[in-house]
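Report on the following structure.
Computed from the coordinates by the stated procedures, all read-outs in this text should not be read as laboratory data. Given the structure is predicted, the values throughout are model-derived calculations rather than measurements. All Cβ positions, glycine included, derive from the backbone under ideal geometry; neighbour counts span all protein chains shown.
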Amino acid sequence: EEDREKYAIAAEPQLAARIEKEEEVRMLVELAQKLEGMTRNIGMHAGGVLIAPGKLTDFCPLYQQPGSDSAVSQYDKDDVEAIGLVKFDFLGLATLTILEIAKDFIVARHKGQEKFAYEDIKLDDPATYKLFADGKTEAVFQFESRGMQGMLKDARPTRLEDLIALNALYRPGPMDLIPSFVARKHGREPVEYPHPLVAEMLSETYGIMVYQEQVMQTAQILGGYSLGGADLLRRAMGKKKLEEMAEHRAIFRKGAAVNGIGQDKADEIFDLMEKFAGYGFNKSHAAAYSLLAYHTGWLKVHYTAEFFCANMTVEMDDTDKLKVLFQDAVKNFGLTFEPPDVNRGRYRFEPVTDKVIRYGLGAIKGTGQHAIDAIAAAREEGGPFKSLFDFCVRVDRTRINKRTVEALIKAGAFDALQQNRASLSASLDRAFDFANATAANAAQVDIFGDSEHGSATQEPDLVDATPWGVKERLTYEKTAIGFYLSGHLFDEVGHEVRRFCKREITDLLDSREPQVIAGIVSDLRVINGQRGRLVLFKLDDKSEAIDATADEAVFNANRNVLKDDELVIVSGKLQPGRGGFEARFNVTQVWDLAAARCRFGKFLRVAVNGKAPDIARIARDFPPRVESSEHGDLRQGLPVRLSLARGGAQVELQLGEAARFFPTDAALASWTAQAEAGKAAVIYE
């Protein structure tokens, strides 16, 4: 027990060091160690309901959690079953909410669909099965994982029964049967049955026992069991009770003999049933879920905008999920998004046309439904907002605050009124002061008995502020929305990077050879792996994002470069996705853009025409970077060539080692400022 408590301290040197040096940290850890291992609360099944023939207290003791009106049995799930009570699990599915929201959008926007109902959808729609066969099932219930998508591409389902079977098979245990199921479906493997009498019953799943019901039916058809007896057999098989199994084996042999099946064949079939019963899935459950999956898939094909609006509205608080849905909608289904706009948007995501979605203001962090409803109400009452000041005057300020408005500014919701987000953000205090003054003036009646002669409420000017650069604007946007909506950090550097790093992430080769890619780092975290600490992060170059890893040595050598929202150029090897696992890029070398210019650039070409730049100063201000390596100290720097043009002739002058410099953005800006017509460029080829 003592070793367990000290495990984290021993495994993480930084934690041990802070405990030793900082009193507050030591006190916090000591308190945590006292709490560790204590029972925090009594667990309760989220949807479990008990049903008894009389008063529950006649059958089991009850417990009431503090602050709750619900009574909970003190017996666990096995004990309540043992005393004869019936227990039901009532599951709430977000998918049902999504389908209902989408239905409301369809009825409201499409003439002739006033009586739209999912029950009327035909279950043989080729376009829907093509969606499944293509693996484009992001946000399709039960089929959205990468592993599921890969399985669907192999299986290429063509009927609802295929979806039901694949849903049941895709779980630990029966997953091993998927290749055989797929091969039999497409005629690459012969369909074999345990016995001709069960051929019709097992034909739906190509001779493979997928469902618990099929195990029970096999016992009924071949072993002479009643369905009630077959259910007891299935449960005994699932619990692997040897004594019960021996009894059931004898019963099955006896029933099989009546059907002319010898003991050896009967035992073979019984063993097969026992194997499948261990992980067979309930068909009614799989069928209900697969019908919902079909409905969501059908919706994604035929009412794509409504599908994404409903999903994104339900997932509003999960920005990671919103990003995935946004990318799927844009990349795979050709949808476009109207940016957040205080003059058009509402709380939910809304379909504008079949291909255009209006971004939901409720998805902006720091807002909330009350605030967005107040904005919509003010807009409906007084028309579109004309400025930030007009907005702050008219929206109920008991429902919004500066934090809310600042989040809307960072998300770009005021861009239609003013493009300079920095100026809007700097003017927040002024806008709220103006709104308060306007409210005070409105409440004040002058001596003439009306408010026309009151103090003037002329809108002030916005605070003058330098517009945010691309990186600053997108970084703020990400804090408000959760991802880059109006652009991408890679846009700012993409043109230069593609001159030396040609391969996009989406074009990575399935090869063991090292490859060089570039992208923006996100979701960086450090974990303890089997061979030391491991750094996990995502690398995104707009074409695609990929999971990447770097070992402790690589991370320590590049700690100042490997950071969220920073551009890196990396060399490494692709580890392809297999068996449901996503592809991963194992990084062995890392460069920031300045270091990559040194590594991949040949020289800096600077245009001059009669006036020499201050080479010595630039070389002094931006000297080559010295890095230690196993081969000794290495000087990282870029050579310089001066380009002169005279009378139609052009010549280049290669400067010596003394002019070599480290090509940061600031260094390149210095060269550009002194070059003729600002012509200074890194030459890569």
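Restricting to DSSP loop positions (anything but H, G, I, E, B) with no more than 15 other Cβ atoms inside 10 Å of their own Cβ, which trypsin sites (Lys or Arg not before Pro) remain in region 504-573? Walk me through the intermediate numbers first.
Values: sites: Arg512, Arg525, Arg531, Arg533, Lys538, Lys542, Arg559, Lys563, Lys573; in loops: Arg512, Arg531, Lys542, Arg559, Lys563.
Here the trypsin sites (Lys or Arg not before Pro) that fit, given the DSSP loop and packing criteria, are Arg512, Arg531, Arg559, Lys563.
Averaging over every viewing direction, what projected area does the convex hull of the Cα atoms of region 96-291 cover, in nm²? If you can, show how the numbers build up before the last one.
Values: hull surface 52.1 nm².
Averaged projected hull area, Cα only: 13.0 nm².
In units of 2.2 N^0.38 Å, what is the alpha-carbon radius of gyration of region 574-628? Mind showing how you got there, number by number?
Working: Rg = 19.9 Å, N = 55, 2.2 N^0.38 = 10.1 Å.
Against the compact-globule rule of thumb, the ratio is 1.97.
Out of every Cα pair in region 547-685, what percent are spaced more than 19 Å from each other?
Working: 5627 of 9591 pairs.
Every Cα pair in region 547-685 considered, those over 19 Å come to 59 percent.
Using only C-alpha positions, report the orientation-averaged shadow area of the convex hull of region 254-298, nm², one decimal. Could you put the intermediate results ahead of the total?
Working: hull surface 18.8 nm².
Hull-based average projected area comes out at 4.7 nm².
Work out the P(r) tail for region 31-125: percent of alpha carbon pairs separated by more than 18 Å, whole number.
Values: 2993 of 4465 pairs.
The proportion of pairs with Cα distances above 18 Å equals 67 percent.
Run through every distinct alpha carbon pair of region 48-89 and return the Kirkwood hydrodynamic radius in angstroms, one decimal place.
Kirkwood radius, region 48-89: 10.7 Å.
Please sort by residue number the GluC sites (Glu not before Pro) in region 181-286 whose DSSP state is loop and whose Cβ has at most 14 other Cβ atoms within 10 Å.
On the way: sites: Glu192, Glu200, Glu204, Glu213, Glu243, Glu244, Glu247, Glu268, Glu274; in loops: Glu192.
Filter output for region 181-286: Glu192.
When the Kirkwood hydrodynamic radius is evaluated over all pairs of different C-alpha atoms of the chain, what value in angstrom, to one decimal, is obtained?
On the way: mean 1/r = 0.0313 Å⁻¹.
Value: 31.9 Å, from the Cα pair sum.
How large is the translational diffusion coefficient of region 285-353 in µm² per second when you combine the Kirkwood radius over alpha carbon pairs with Stokes-Einstein at 4 °C and 1.567 mPa s? Mind showing how you got there, number by number?
On the way: Rh = 13.1 Å.
Reported coefficient: 99 µm²/s.
Let me know the longest stretch in the chain that avoids all chymotrypsin sites (Phe, Trp or Tyr not before Pro) found in a DSSP loop with at most 11 other C-beta atoms within 10 Å.
Working: sites that count: Phe90, Phe448.
It works out to 91-447.
List the equivalent ellipsoid semi-axes of region 93-137 in whole Å, largest first, each obtained as the square root of 5λ for an eigenvalue λ of the Cα gyration tensor.
On the way: eigenvalues 94, 42, 20 Å².
Working from the Cα gyration tensor, I get semi-axes of 22, 15, 10 Å.
If you look at just the Cα atoms of region 465-620, how large are its Rg and its Dmax in Å?
18.0, 65
Starting with the fewest neighbours, write out His45, His248, His495 ranked by other beta-carbon atoms found within 10 Å of each beta-carbon. The partial results should precede the final answer.
Numbers: His45 14, His248 24, His495 8.
Fewest-to-most Cβ neighbours within 10 Å comes out as His495, His45, His248.
Taking every DSSP beta bridge with both residues inside the chain, roughly what % is antiparallel (nearest 5)?
80
Grab the eigenvalues of the alpha-carbon gyration tensor for region 256-388, scale each by 5, take roots, and send me the semi-axes largest first in whole angstrom. It would help to have the intermediate numbers written out before the result.
Numbers: eigenvalues 580, 45, 29 Å².
Over the Cα atoms of region 256-388, the semi-axes work out to 54, 15, 12 Å.
Below 22 Å, Cα to Cα, which lysines can Lys331 reach? Residues fewer than 8 away in the same chain don't count.
Those lysines meeting the cut-off are Lys130, Lys136, Lys153, Lys300, Lys321, Lys323, Lys355, Lys478, Lys502, Lys538, Lys542.
Counting pairwise Cα distances across region 371-447, what percent come out greater than 22 angstrom?
Numbers: 577 of 2926 pairs.
Here the long-distance tail beyond 22 Å is 20 percent of all Cα pairs in region 371-447.
Taking K and R as +1 and D and E as -1, what net charge do the other residues with C-beta under 11 Å from the C-beta of Met216 add up to?
On the way: positive: Arg234, Arg235, Lys283; negative: Glu213, Asp231.
For residues surrounding Met216, the net value is +1.
Would you mind pulling out the separation of the Cα centroids of region 175-215 and region 307-378, in Å?
Comparing the Cα centres of region 175-215 and region 307-378, I get a distance of 44 Å.
Between the DSSP loop rule and a limit of at most 15 other Cβ atoms within 10 Å, which trypsin sites (Lys or Arg not before Pro) in region 9-112 are left? Show your work: numbers first, answer last.
Details: sites: Arg18, Lys21, Arg26, Lys34, Arg40, Lys55, Lys77, Lys87, Lys103, Arg109, Lys111; in loops: Arg40, Lys55, Lys111.
The qualifying sites are Arg40, Lys55, Lys111.
Roughly speaking, what is the stretch gain from Asp79 to Lys502, that is 0.36 nm per residue apart minus the C-alpha to C-alpha distance, in nm to one decimal? Please report the intermediate quantities before stating the final value.
Details: separation 423, 0.36 × 423 = 152.28 nm, distance 6.38 nm.
So the extension gain works out to 145.9 nm.
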